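Worksheet: the structure to be examined is printed underneath.
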Amino acid sequence: MPQSETRNHRRQFVSFVFYRLDPAFRRLPDAERLSAKTEFLKTYGEYAKRIMIFPYSTMGTRADCDFMLWRISYRLEDFQQVTSDILATGLGRYLNTAQSYLSMTSRSIYVQEHSHEGGHASRTEIVPAQSKYLFVYPFTKTPDWYLLSFEQRQKMMDAHFQYGHKYPSVKVNTTYSFGLDDQEFVVAFETDQPGDFLDLVMEMRSTEVRRYTLKDTPIFTCVKEDIRTILSLLDGTPLD
């Protein structure tokens, strides 16, 4: 697909930021913790009116982080401001950024008419499915992949896509990080059936294109929750 076609469509910036709570927060007095979480919630709510923010819990699924904010905006500066303001809250002072991945939307050069990505594969806007579970990971191809002819790569990608068609319950959002971050892509799989995602990944391990994957970890299993529930999970105390 010509690069001019991609440039002529407005693209989104995409951010996946993972936070870990300092255990010292849980030892604070109840009133102080409640005040800190309430301040965080207010700041979060203000930005949720301006940009897309989707909260997910990683409590119990990862050892290195407690929750994740999936953020989508047309302005890169929005991510800077929301991060600054969130970290300035009472709760934010006890948050460490465990991982952060930056990417952009782009039209796929390998996808024409079919829609293996939930109908949005060739579009420059992400439309989250709002499924219960989200699986996020960055990945990078080997240099040899880019030295293959486009026809060779297309053939392998077509075979790769066929496995995705077998699992319609899984929607993949592919975003691109070339020159923006350390990885080349960030993919986010949405589903209500974690077992389907597991089976899909197992099958895709046997595809030829797998030979050209340099790195595809870490992988984050995220559970969609409303922000109030996530704040309650952090210290085991309801926000109300």
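Structure above, values below:
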| quantity | calculated |
| --- | --- |
| Ala159 versus Asp240: modelled label distance in nm, points set 7 Å from Cα along the beta carbon direction | 5.5 |
| Interatomic Cα distance distribution for the range 106-240, bins of 5 angstrom, percent | 2, 9, 16, 22, 21, 14, 7, 4, 3, 2, 1, 0 |
| 15 Å Cα-Cα reach of Lys224 towards aspartates and glutamates, excluding residues that sit fewer than 8 places from it in its own chain | Asp66, Glu190, Asp192 |
| Residue with peak Gaussian network fluctuation, the chain [Cα springs, cutoff 10 Å], from Val223, Val172, Val111 | Val111 |
| Most mobile of Asp181, Asp199, Asp66 in a GNM of the chain (Cα contacts under 10 Å) | Asp199 |
| Residue-averaged 222 nm ellipticity for the chain, from DSSP H runs of 4+ at -39500 (n - 2.57), nearest 500 | -9500 deg cm²/dmol |
| Gain in span if fully extended, Gln130 to Ala24, counting 0.36 nm per residue against the direct Cα distance | 34.9 nm |
| Förster radius 30 Å - calculated FRET efficiency between Ala31 and Ile219, Cβ distance, rounded to 0.05 | 0.20 |
| Residue exposure sequence - Val17, Val127 - by fewest surrounding Cβ within 10 Å | Val127, Val17 |
| Pairs of lysines in the range 123-221 (C-alpha under 21 Å apart; 8 or more residues apart or interchain) | 5 |
| Debye log10 I(q)/I(0) at q = 0.08, 0.12 Å⁻¹ for the chain, Cα point scatterers | -0.33, -0.72 |
| Nearest-20 debye value, the chain charge dipole, Cβ charges on Lys, Arg, Asp, Glu | 220 |
| In sequence order, calculated HN-Hα J values of the range 167-178 (Karplus, 6.51, -1.76, 1.60; Hz; x Gly/Pro) | 10, x, 6, 10, 10, 10, 10, 9, 10, 10, 10, 3 |
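Throughout, read-outs are computed from the coordinates displayed, never taken from laboratory work. This structure is a prediction, so every number in the text was calculated from the model and none was measured. Positions of Cβ are backbone-derived with ideal geometry, glycine not excepted, and every protein chain shown enters the neighbour counts.
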